[in-house]
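> Dumping the structure here so I can ask a few things about it.
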Amino acid sequence: MRKTAAPDGAVPDLGTPDAGMPDAAPDADMERRICEAVYESVMSQRLTPGTKLPEAAICELFGVSRSVARKALQRLAHEHVVDLHHNRGAVVAEPTPEDTRQIFQARRALEAALLPLAAARATKADYASLRKQLRDEHALLHRAGQPAWARQASAFHVRLGELSGNTILHGYLAELVSRCSLIVALYEPPGNAACEHGEHVLIVDMMERGDVAEAVRINDNHLADLERRISLERPQPAQTLAQMLGLA
C-alpha cells in the first residue's frame, strides 16, 4: 500500500505515540525524536548523503534501546530519508541522477495535470487563502532557516494539488513533493532557495486571471529550474555524528 505523505507535503509522517498503549509511549516519543532530529539535520544540510547512522551511536546519543533506534531508522527508510543496507547499516539517502530525473519528471507531469483542475474549482476564498500562504512564505524567506522555508515552499505546491479536488492525485503529489524536498536539501548548493517565491506569486496570478496554460508553463519551468540547480557532488564535512545531528 502506498504511504500517505504529510499534509504540508514536506515533512514526512514520522509517527505519533499510540494513546491506547501508555507503556509504549516513552519509546514512541523517543522514536519520533530520533526521526525528527535526522530529518531536520538533513534539511539543514548538516547530514550529507552517505553519512553512516550506526544503531549503536544512535542508542548512545539519544539514550534509547537498539529496538527503538532500529524502529526509527526503519521509519526513516520508509520515508526515503535513509537507506538501509545489509552490510553497511543505515546511511543518509543517496538519490542517484536517475532517481532525481524520474522523481522530478513524475512531479512535473502530475502538477501539469493538477493545476487546471485546481483552477477550475478554486473560489475567491481559496485564492485569498493562497495569497495569505504566500505572504507567510515570503516572511519565512527572510527570517527562518532552511527547514522551515522548505516546508512552507513545498506546502504551496501541495495546497494547489489539494484544490484540484482529486484526493488520489493529491496524495501522490504530496509524496513526490516530500521526496523532491529531501533531494534538494541533500544536494542543492547552500544559499539557494528551495523554491522561488516570485514564481509562486505568478502562478497564482495566472490561475486567478484564467490563463491556466501560462500558469502551467511557469510552474513547469519553475520545477525544471529547481532540478537544474541540484548538484549531486557534495564534500563530506569533518564533523562527528552528534554535531551533524545538532546534539553537540
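> From the list Leu130, Leu73, Leu47, Leu115, which residue is crowded, with 18+ Cβ neighbours inside 10 Å, modelled with pLDDT of 95 or more and not assigned by the TED database to the domain that holds Asp205?
Working: Leu130 fails: not assigned by the TED database to the domain that holds Asp205; Leu47 fails: modelled with pLDDT of 95 or more; Leu115 fails: not assigned by the TED database to the domain that holds Asp205.
Selected residue: Leu73, the only one of Leu130, Leu73, Leu47, Leu115 that is crowded, with 18+ Cβ neighbours inside 10 Å, modelled with pLDDT of 95 or more and not assigned by the TED database to the domain that holds Asp205.
> Related question: Please go through region 76-92 and give me each residue that is in contact with a Lys or Arg (Cβ under 9 Å, 6 or more places away or on another chain) and in a helix (DSSP H, G or I), ordered by number.
The answer is His78, and nothing else.
> Of (1) in contact with a helix residue (DSSP H, G or I) (Cβ under 8 Å, 6 or more places away or on another chain); (2) at pLDDT 85 or above, Ala28 satisfies all except one. Which?
Ala28 satisfies every listed condition except (1).
> Further question on the same structure: Quick check on region 219-239: of everything there that is under 21 Å from Arg179 (Cα atoms) and hydrophobic (A, V, I, L, M, F, W, C), which residue is modelled with the lowest pLDDT?
Among those residues, the one meeting the criterion is Leu232.
> Right, another one. Given the criteria surrounded by 17 or more Cβ atoms within 10 Å (Cβ to Cβ) and outside any helix (DSSP H, G or I), does Ile230 qualify?
Numbers: surrounded by 17 or more Cβ atoms within 10 Å (Cβ to Cβ): yes; outside any helix (DSSP H, G or I): yes.
Yes: the conditions hold for Ile230.
> Okay, moving on. Those residues that are hydroxyl-bearing (Ser, Thr, Tyr) and out of contact with any Asp or Glu (no Cβ under 8 Å at 6 or more places or on another chain), I need them from region 77-117; list them, please.
Scanning region 77-117 gives a single hit, Thr96.
> Quick check, is Ala69 free of Cβ contacts under 8 Å to residues at least 40 places away in the same chain, of a type outside the set (D, E, K, R) and in a helix (DSSP H, G or I)?
Judged against the criteria, Ala69 is a match.
> Quickly run through region 93-112 and pick out the residues that are in a helix (DSSP H, G or I) and either farther than 30 Å from Pro54 by Cα or open to solvent by less than 20 Å² (accessible area, probe 1.4 Å) (or both).
Thr100, Ile103, Phe104, Gln105, Ala106, Arg107, Arg108, Ala109, Leu110, Glu111, Ala112 - these are the residues of region 93-112 that are in a helix (DSSP H, G or I) and either farther than 30 Å from Pro54 by Cα or open to solvent by less than 20 Å² (accessible area, probe 1.4 Å) (or both).
The values are calculated or read from the model by the stated rules, or taken from the named source; none is laboratory data. It should be emphasised that the depicted structure is a prediction, and the values quoted were computed from it without experimental measurement. When we count neighbours, we look across all protein chains shown, and the Cβ atoms used for this are built from the backbone with ideal geometry, even at glycine. These accessible areas exclude ligands, DNA and RNA; they are computed on the full protein's heavy atoms, side chains included. Shrake-Rupley method; radii C 1.70, N 1.55, O 1.52, S 1.80 Å.
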